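Novice: This is the structure, below, for whatever I ask next.
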Amino acid sequence: MRSPAVSGRLFVVGLGPGDPDWLTPEAARALAQATDLVGYASYLDRVPVRAGQTRHASDNRVEIERARHALALAISGRVVAVVSGGDPGIFAMAAALFEAVDKGEPAWRDLTIEVLPGISAMQAAAARAGAPLGHDFCAISLSDNLKPWTLIEKRLRAAAEGDFVIALYNPASNARPDRIRDAFALLAKHKSGDTSVILARAVGRSDERLEITTLAKADQSRVDMATLVLIGSSATRLIPRTKGRPWVYTPRGAS
């Protein structure tokens, strides 16, 4: 017997790093047509209020519960937009949503679900600095909430030995202020102290701050959850300028 038709629809929307100009037209259309918006409160605050739209705000550390709530709304016939900062598929809500589908109600698999990409934090930070992601790179989250620190160390070591440019997400928080120091100490064993480092905080927002420094000189105390850390490869270069900060790029032909 065929399952009854499901009328609800669910969008997983990337809001970008913060600047409204970085919201894609596709994402804006989805937000405008949604009957319900679901997300972390600070992300929902970035979405313009529309009459008749219901907002469902929650804490940042309840991703699976948030996903299940959104799926329940959609299965009831609502048009739901689950919002994420940056790109929803990079350390964000898209994976949590599909994990909930995978382990949840069979009917959820019949929903129409669309993931709408956004500009990621590492793309925004790289664009501000120049082109540090111009050659091979990887992204690693330093959060050990869902995986052991030993696994993070293994991946950091492999990325350093492979000489990738490394984007570090979730580098520090009040609960784990020392993980960024642990990461830098590990990387210092495999990378030169003069390796370029970019500390990009709140890119696209009014309190944006971008610092270009080195692995040896980086002030890790200035890193928090709003900071994206980019660590260069051995091929990453700086172009000094008489006015303004230098440009940082990684040549496309790096070995």
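Novice: Among (i) 1.02; (ii) 1.05; (iii) 0.98, which one is Rg/Rh (Cα atoms, Kirkwood Rh) computed from these coordinates?
Specialist: (i)
Novice: Within the stretch 122-249, what percent of beta bridges assigned by DSSP are antiparallel, to the nearest 5?
Specialist: Of all bridge pairs located within the stretch 122-249, approximately 70 percent are antiparallel.
Novice: Given charges of +1 on the Cβ of Lys and Arg and -1 on the Cβ of Asp and Glu, with all other atoms neutral, how large is the dipole of the stretch 9-119 about its Cα centre, in debye to the nearest 20? Write down the numbers at each step before the final one.
Specialist: Numbers: 11 positive and 14 negative charges, 61 e Å.
For the stretch 9-119, the charge dipole is close to 300 debye.
Novice: Related question: Please give me the summed charge of the neighbours of A172: other residues whose Cβ is under 14 Å from its Cβ, Lys and Arg +1, Asp and Glu -1.
Specialist: 0
Novice: Once the piece of chain linking S221 and A28 is laid out straight, how much longer is it, given 0.36 nm per residue of separation minus the C-alpha distance between them? Walk me through the numbers before you get to the answer.
Specialist: Numbers: separation 193, 0.36 × 193 = 69.48 nm, distance 3.62 nm.
Here the answer is 65.9 nm.
Novice: Additional query: Could you tally the net charge around L37, taking each other residue with its Cβ under 11 Å from the Cβ of L37, Lys/Arg +1 and Asp/Glu -1? The partial results should precede the final answer.
Specialist: Working: positive: R46, R50, R55, R78; negative: D36, D45.
My count for the surroundings of L37 gives +2.
Novice: Given the -39500 (n - 2.57) contribution per DSSP H run of 4+ residues, what per-residue ellipticity at 222 nm results for the chain, rounded to the nearest 500 deg cm²/dmol?
Specialist: It lands at -8000 deg cm²/dmol.
Novice: Given all pairs of different Cα atoms, what value in angstroms does the Kirkwood hydrodynamic radius of the stretch 9-119 take?
Specialist: 13.5 Å
Novice: Based on the alpha carbon coordinates of the stretch 122-249, what radius of gyration and maximum Cα-Cα distance (Dmax) apply, in Å?
Specialist: Computed over the Cα atoms of the stretch 122-249, radius of gyration and Dmax are 13.7, 45 Å.
Novice: Considering only DSSP beta bridges whose two residues both sit in the chain, what percent are antiparallel, to the nearest 5?
Specialist: So the antiparallel bridges amount to about 40 percent of the total.
Novice: Further question: Using per-residue counts of other Cβ atoms within 10 Å, averaged over each peptide, order 122-131, 153-162 from highest down. Don't skip to the answer; put the middle values down first.
Specialist: Details: 122-131: 21.4, 153-162: 15.3.
Those peptides, ordered most packed to least, come out 122-131, 153-162.
Novice: Expected output is a single nm value to one decimal: the length gained when fully extending between D102 and R55, i.e. 0.36 nm times separation in residues minus the C-alpha distance. What is it?
Specialist: So the chain would gain 14.4 nm between D102 and R55.
Novice: Any idea how far the Cα center of the stretch 58-94 sits from the one of the stretch 219-252, in Å?
Specialist: 33 Å
The numbers here are math on the coordinates, done by the rules we state, and not lab data. The structure presented is a predicted model; accordingly, all values stated were derived computationally and were not measured. Positions of Cβ are generated from backbone atoms using ideal geometry, with glycine treated the same way; all protein chains shown enter the neighbour counts.
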